[in-house]
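Participant: Mind having a look at this structure? Questions to follow.
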Amino acid sequence: MTANLQPDEHALRLHAYYSGKMQTLPKCAIRTLADFSVWYSPGVAAPCRAIARDPDLVYDYTNRGNLVAVVSDGSRILGLGNIGPEAGLPVMEGKAMLFKHLGGVDAVALCLRSRSEDEFIRAVEMLEPSFGAINLEDIAQPGCFRILAALRERMDIPVWHDDQQGSAVVALAGLVNALAVVGKRLDSVRIALLGMGAANSAVCRLLRASGVAPAQIVACDRRGVLHRGRADIARMQDLYPDKWALCAESNPDAITGGPADALRGADVCVAFSAPGPGTIEPAWVRAMARDAIVFACANPVPEIWPQAAHEAGAKVVATGRGDFPNQVNNSLCFPAIFRGVLDVRARTITDSMALAAAHELAAFARDRGISEHDIVPRMDEPGLYPRVAAATAMAAQADGVARLSLSREALLAGATARIAAARGATATLMREGLIAAPPAA
């Protein structure tokens, strides 16, 4: 980064210089004018007729099997709120860039101006013939829950909401390793969830799928601790069925009050709530159990600064930011998970597949060593994404949702080659000056 520019100024200057982050390039050889007769008319009629006879051949004759739609309405852009579809487009382009660079996945940013959840659902549903999977992004709750559920039910390709499922995968991976560092077991710790939006709702679901009993959980939303007496949630249980179920099944001691009460005596705090600092007070961390684990994942500012959490007694602290240790970031998982599901042409992404991705993430970090300041991999670690992709694809086959059957070795080799090709193409374009070097400030 240019030393005399702030990050926002630098981003504005370079986004304008490049007119965004993504472009479309052919991947077939174009040598002479005669090649157009093969790639377009009249030659293109042959694959069209073949696909008409056997629709599954679309994966062989087109790029559908490596193409993802990144879809948002701009109603809850991270750290910015409801800024609309046009203003959300830079984020979706950034997501598409990460898909390509980290997973070798082609992605298209699509921001919709929808007037209702039903209109959004129908618009995404109509995209199915052109894409191998759908990544939903930055959609406000409670609509994001219904949209995801409806599209997963209606579509025969994977639909993933990264703010929910991606956050949960990386948080679970980090938690598994944090517990290993402090010598505690997942099935015996008390867990406080602060903020019950998209991310922590999915965290809760994956924790329970991992064997965590509801009695181990105390959750807290902006109005206080969830318990059986929360009449406000009872009145909205049709909109928030998972939250209402948590009211009924968790918090066996009937704790009431706010986040301070939820954290008292807890071994683990997983917070996806309001940006801080000050959302979590040091005194609340001091009241947690010995060798406490604090995940303060709000962006752009964590609920409590890591140093303050450590000084208050937390043994392991994670945030969503890359300028602190232990970054819990969706980018560690979504490019690999989509790489895996596309490679076996999966029909959906099950919780078992998400768990497999989380545990492979955790295992990758353990294999090279973990500590209280290093519990999750970094995005630049070689070998991470192929391993998580292969684990996801193997789980898809075990769950019976894959159209193709491939060995782990073949999946690792294929993912490694695709990711290397994507990065090599960018490097070549930069070296040849076809992607210009950033201008000096």
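The values are calculated or read from the model by the stated rules, or taken from the named source; none is laboratory data. Treat the numbers as computed from the prediction; the structure is a model and nothing was measured. Cβ placement follows ideal geometry from the backbone for every residue including glycine, while neighbour counts extend to all protein chains displayed.
Participant: What helices (runs of 4 or more DSSP H) lie completely within the stretch 1-61 and have 3 or more residues being modelled with pLDDT under 95 and surrounded by fewer than 12 Cβ atoms within 10 Å (Cβ to Cβ)?
Facilitator: 7-18
Participant: Continuing with this model, one more query. Only one of (1) at pLDDT 95 or above; (2) surrounded by fewer than 17 Cβ atoms within 10 Å (Cβ to Cβ) is not met by P277, so which one is it?
Facilitator: (1)
Participant: Can you tell me how many residues within the stretch 45-77 are within 29 Å of R418 (Cα to Cα) and in contact with a helix residue (DSSP H, G or I) (Cβ under 8 Å, 6 or more places away or on another chain)?
Facilitator: Of the residues in that region, 17 qualify.
Participant: If you go through the stretch 394-410, how many residues are crowded, with 24+ Cβ neighbours inside 10 Å and out of contact with any strand residue (DSSP E or B) (no Cβ under 7 Å at 6 or more places or on another chain)?
Facilitator: 1
Participant: Where in the stretch 100-219 are there helices (runs of 4 or more DSSP H), lying wholly inside it, with at least 1 residues that are modelled with pLDDT of 95 or more and closer than 29 Å to I51 by Cβ?
Facilitator: Fully inside the stretch 100-219 and qualifying: 117-125, 143-154.
Participant: From (1) within 19 Å of M97 (Cβ to Cβ); (2) in contact with an Asp or Glu (Cβ under 6 Å, 6 or more places away or on another chain), pick out the condition that doesn't hold for T350.
Facilitator: Result: T350 passes all but (1).
Participant: Another question about this same structure. Would a scan of the stretch 152-161 turn up a residue that is surrounded by fewer than 24 Cβ atoms within 10 Å (Cβ to Cβ), over 21 Å from the mean Cα position of the chain (by Cα) and in contact (Cβ under 8 Å) with a residue 40 or more places away in the chain?
Facilitator: For the stretch 152-161, residues surrounded by fewer than 24 Cβ atoms within 10 Å (Cβ to Cβ), over 21 Å from the mean Cα position of the chain (by Cα) and in contact (Cβ under 8 Å) with a residue 40 or more places away in the chain: absent.
Participant: Tell me, which residue of the stretch 176-198 that is within 24 Å of G224 (Cα to Cα) and hydrophobic (A, V, I, L, M, F, W, C) is nearest to the chain's Cα centre (by Cα)?
Facilitator: A198
Participant: With respect to G257, is the statement that it is without any contact (Cβ under 8 Å) to a residue 40 or more places away in the chain, out of contact with any Gly (no Cβ under 8 Å at 6 or more places or on another chain) and either part of a helix (DSSP H, G or I) or of a type outside the set (A, V, I, L, M) (or both) true?
Facilitator: Judged against the criteria, G257 is not a match.
Participant: Name the helices (runs of 4 or more DSSP H) wholly within the stretch 295-405 that hold at least 2 residues that are touching a Pro at 6+ places or on another chain (Cβ under 8 Å), over 21 Å from Q165 (Cα atoms) and in contact (Cβ under 8 Å) with a residue 24 or more places away in the chain?
Facilitator: 306-311
Participant: Looking at the stretch 244-264 only, could you name the residues that are of a type in the set (D, E, K, R) and either in contact with a His (Cβ under 8 Å, 6 or more places away or on another chain) or exposed (fewer than 15 other Cβ atoms within 10 Å of the Cβ) (or both)?
Facilitator: D253
Participant: Could you please tell me which pairs satisfy a Cβ distance under 8 Å, a separation of 6+ or placement on different chains, a first residue in the stretch 122-134 that is farther than 18 Å from V105 by Cβ, and a second residue that is polar (S, T, N, Q)?
Facilitator: Matching pairs, first to second residue: A123/S114.
Participant: Among the residues of the stretch 329-344, is any surrounded by fewer than 23 Cβ atoms within 10 Å (Cβ to Cβ), modelled with pLDDT of 95 or more and among the acidic types (D, E)?
Facilitator: The answer is no; no qualifying residue exists.
Participant: Continuing with the same structure: Pull up the stretch 290-316, narrow it to residues that are small (G, A, S) and either within 25 Å of the chain's Cα centre (by Cα) or farther than 19 Å from H373 by Cα (or both), then point me to the one that is surrounded by the most Cβ atoms within 10 Å (Cβ to Cβ).
Facilitator: A296
Participant: Still on this model: Can you tell me which residue among D138, D156, D56 is acidic (D, E) and on the phi > 0 side of the Ramachandran plot?
Facilitator: D138
Participant: Can you tell me which of L172, L127, L136 is surrounded by fewer than 18 Cβ atoms within 10 Å (Cβ to Cβ), hydrophobic (A, V, I, L, M, F, W, C) and either closer than 20 Å to V58 by Cα or under 20 Å from the mean Cα position of the chain (by Cα) (or both)?
Facilitator: L127
Participant: Could you say whether any residue in the stretch 190-197 is surrounded by fewer than 24 Cβ atoms within 10 Å (Cβ to Cβ), among the charged types (D, E, K, R) and within 21 Å of A363 (Cα to Cα)?
Facilitator: Within the stretch 190-197 (the criterion being surrounded by fewer than 24 Cβ atoms within 10 Å (Cβ to Cβ), among the charged types (D, E, K, R) and within 21 Å of A363 (Cα to Cα)), the answer is no, since none of the residues qualifies.
Participant: Test C247 against the criterion of being assigned to a helix (DSSP H, G or I) and free of Cβ contacts under 8 Å to residues at least 60 places away in the same chain, and give yes or no.
Facilitator: It is true that C247 is assigned to a helix (DSSP H, G or I) and free of Cβ contacts under 8 Å to residues at least 60 places away in the same chain.
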